[in-house]
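Trainee: Before anything else, here's the structure in question.
The values are calculated or read from the model by the stated rules, or taken from the named source; none is laboratory data. Because the structure is predicted, anything quoted here is derived from the model rather than measured. Note that each Cβ is placed from the backbone with ideal geometry, even for glycine, and that neighbours are counted across all protein chains shown. We work out accessible area using only protein heavy atoms, side chains counted, and drop any ligands, DNA or RNA first. Shrake-Rupley method; radii C 1.70, N 1.55, O 1.52, S 1.80 Å.
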Amino acid sequence: FQDWVLFSQAGSKKWFKASYTDSKNFTNDYIEFSSFGSGDASNIGWAITPAYSLDLLSQKALIFQSAQHHATSTENKFELLVSTNFNGTDVLGATWVPLKFKLPTYTNGTNYDMVNSGRVSLSAFSGNIYIAFRVTGNGLQNSAVSGGFQVDNIKLF
């Protein structure tokens, strides 16, 4: 996660590395973005991977797991995007293509439940790609769009 680009397009929040230790002392690391408590009318946070060469992948596909917490409105957007022209610094100057994946369920009863993304095809791209996770929400008190999202177990194959 140390080589990722963490960019705050709006608001004060950024993605961060977090961990969870269960009752059997198993610790799992993941990345998270939450606009909760920021007080910002808008939070848009990007987490962008280092470049991956699709030439090294046999199937040109991606899988990952994600979860939400306290995101009860689809206005609290969670997106997966890919770029082939990101230069490592100018996030908004790059072309980003949205990709479909299985979203976590937006209900309080499913807070922190990891969901498999399903197989996300990268076959439309070639050369080096950057993968971005973008969340749009706000941090206003009692807002339906102040939830958070977690990403884990990212695999390209």
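Trainee: Give all pairs with beta carbons closer than 7 Å in which a residue from region 103-118 that is in contact (Cβ under 8 Å) with a residue 24 or more places away in the chain meets a residue that is assigned to a helix (DSSP H, G or I) and among the hydroxyl-bearing types (Ser, Thr, Tyr); count only pairs at least 6 apart in sequence or on separate chains.
Mentor: Pro104/Thr110
Trainee: Would you pick out the residues in region 88-118 that are acidic (Asp, Glu) and within 30 Å of Asp22 (Cβ to Cβ)?
Mentor: Asp113
Trainee: Just one of (1) of a type in the set (A, V, I, L, M); (2) closer than 22 Å to Phe157 by Cα; (3) modelled with pLDDT under 95 trips up Ala71, so point out which.
Mentor: (2)
Trainee: State all residues of region 116-149 that are open to solvent by 10 Å² or more (accessible area, probe 1.4 Å), modelled with pLDDT of 95 or more and out of contact with any Leu (no Cβ under 7 Å at 6 or more places or on another chain); if no residue qualifies, say none.
Mentor: Asn116, Gly118, Arg119, Ser121, Ser123, Ala124, Asn128, Tyr130
Trainee: Considering only residues of region 98-113 that are outside any strand (DSSP E or B) and buried (at least 17 other Cβ atoms within 10 Å of the Cβ), which is modelled with the highest pLDDT?
Mentor: This residue is Phe101.
Trainee: Does region 38-97 hold any residues that are in contact (Cβ under 8 Å) with a residue 60 or more places away in the chain, among the β-branched types (Val, Ile, Thr) and part of a loop (DSSP other than H, G, I, E, B), and which are they?
Mentor: Within region 38-97, Thr49, Thr72, Thr89, Val91 meet the criteria.
Trainee: Could you please find all residues in region 3-23 being modelled with pLDDT under 90, open to solvent by 80 Å² or more (accessible area, probe 1.4 Å) and in a loop (DSSP other than H, G, I, E, B)?
Mentor: The answer is Ser23, and nothing else.
Trainee: Would you point out the residue of region 38-53, among those that are crowded, with 17+ Cβ neighbours inside 10 Å and not hydroxyl-bearing (Ser, Thr, Tyr), that is farthest from Asn128 (Cα to Cα)?
Mentor: Residue satisfying both the conditions and the ranking: Asp40.
Trainee: Pairs, please: C-beta under 9 Å, at least 6 apart or cross-chain, first residue over 12 Å from Ala94 (Cβ atoms) and in region 120-131, second of a type in the set (Lys, Arg)?
Mentor: Pairs found: Val120/Lys100; Ser121/Lys60; Leu122/Lys60; Ser123/Lys60; Ala124/Lys60; Phe125/Lys60; Ser126/Lys60.
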